[in-house]
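> One structure coming up, written as structure tokens, with questions to follow.
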Amino acid sequence: MSVTQATTGISFALGDEQRALRDLAREFAAKEIRPVAADYDDRSQHPGDVIAKAHAVGLMNPHIPEEYGGAGLSAFEQMLIGEELAWGCSGVATSIVANILGSLPVLLAGSDDQKREWLTPLLAEPLLCSFALTEPGAGSDVAAIQTTGVRDGEDYVLNGSKMFITNAGEAAWFVVFA
């Protein structure tokens, strides 16, 4: 973020690259989201083709660090993208930007091998990932979740219920809290 100290305070003016990023997201929202958003709502259909287009122009997964092939954009720059996409349609924008929810635990706690295995494909194609935390009896209270995960050889057996998982029906993979 461009922050300049002035004698009267701080300027939060956008830099040239940030303005270009914001403009790209606004143009995308105007041309690709707004014209079709109501139709997707009417049909209760997931906007897979719009998501693929957002991925193709670099508006999806901008948080993935450069060392894994991503743009490595700051949280502020991601907010610029999200704000403009939401101007197009908040539901479509959520489907696009919510990948950070599923991938952030991998970024924060995964090994280098896990990061390469799970994050790199998100850059290669418009895959969705989901963050499965919320439960019927616990909401998003991590301390109250009831889902269990028991190791069975190389796998885990999960028992429990999750709900309100963004992109769950379309996700290629999930981070599940148990």
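> Looking at region 63-105, which of the residues that are part of a loop (DSSP other than H, G, I, E, B) and under 9 Å from the mean Cα position of the chain (by Cα) is surrounded by the fewest Cβ atoms within 10 Å (Cβ to Cβ)? If you could, list the steps in order and put the result at the bottom.
Taking region 63-105 first, the residues part of a loop (DSSP other than H, G, I, E, B) are 63-65, 69-74, 89, 98.
Subset that is under 9 Å from the mean Cα position of the chain (by Cα): 63, 98.
On the way: 63: 22, 98: 19.
Only one residue fits best here, namely 98.
> So which strands (runs of 3 or more DSSP E) are wholly in region 136-178 and hold at least 1 residues that are outside the structural domain of residue 101 (by TED's automatic domain parsing) and loosely packed, with under 14 Cβ neighbours inside 10 Å?
148-152, 155-159
> For the condition within 25 Å of residue 175 (Cα to Cα) and crowded, with 16+ Cβ neighbours inside 10 Å, what is the one hit in 109, 25, 54?
Working: 109 fails: crowded, with 16+ Cβ neighbours inside 10 Å; 25 fails: within 25 Å of residue 175 (Cα to Cα).
Within the list 109, 25, 54, the selection yields 54.
> Moving to a separate point now. Mind listing just one residue for me: the one in region 124-135 that is surrounded by 17 or more Cβ atoms within 10 Å (Cβ to Cβ) and among the aliphatic types (A, V, I, L, M) and, of those, farthest from the chain's Cα centre (by Cα)? Spell out the reasoning first.
Of the residues in region 124-135, the ones surrounded by 17 or more Cβ atoms within 10 Å (Cβ to Cβ) are 126-135.
Within this subset, residues satisfying the condition of being among the aliphatic types (A, V, I, L, M) are 127-128, 132-133.
Details: 127: 10, 128: 8, 132: 13, 133: 15 Å.
It comes out as 133.
> Also: When you go through 86, 52, 37, 71 one by one, which is the residue that is touching a Cys at 6+ places or on another chain (Cβ under 6 Å) and modelled with pLDDT of 95 or more?
Values: 86 fails: touching a Cys at 6+ places or on another chain (Cβ under 6 Å); 52 fails: touching a Cys at 6+ places or on another chain (Cβ under 6 Å); 71 fails: touching a Cys at 6+ places or on another chain (Cβ under 6 Å).
One residue alone meets the criteria, 37.
> Do we have any residue at all in region 36-45 that's under 28 Å from residue 106 (Cβ atoms) and part of a helix (DSSP H, G or I)?
Residues of region 36-45 under 28 Å from residue 106 (Cβ atoms): none.
No, the conditions are met nowhere in region 36-45.
> Residue 120 - would you say it is at pLDDT below 95 and either surrounded by 11 or more Cβ atoms within 10 Å (Cβ to Cβ) or not in a strand (DSSP E or B) (or both)?
Working: at pLDDT below 95: no; either surrounded by 11 or more Cβ atoms within 10 Å (Cβ to Cβ) or not in a strand (DSSP E or B) (or both): yes.
So residue 120 fails the test.
The values are calculated or read from the model by the stated rules, or taken from the named source; none is laboratory data. For clarity, every value in this text was computed on a predicted model and none was experimentally measured. Neighbour counts are summed over all protein chains in view; Cβ atoms, including those assigned to glycine, are modelled from backbone coordinates with ideal geometry.
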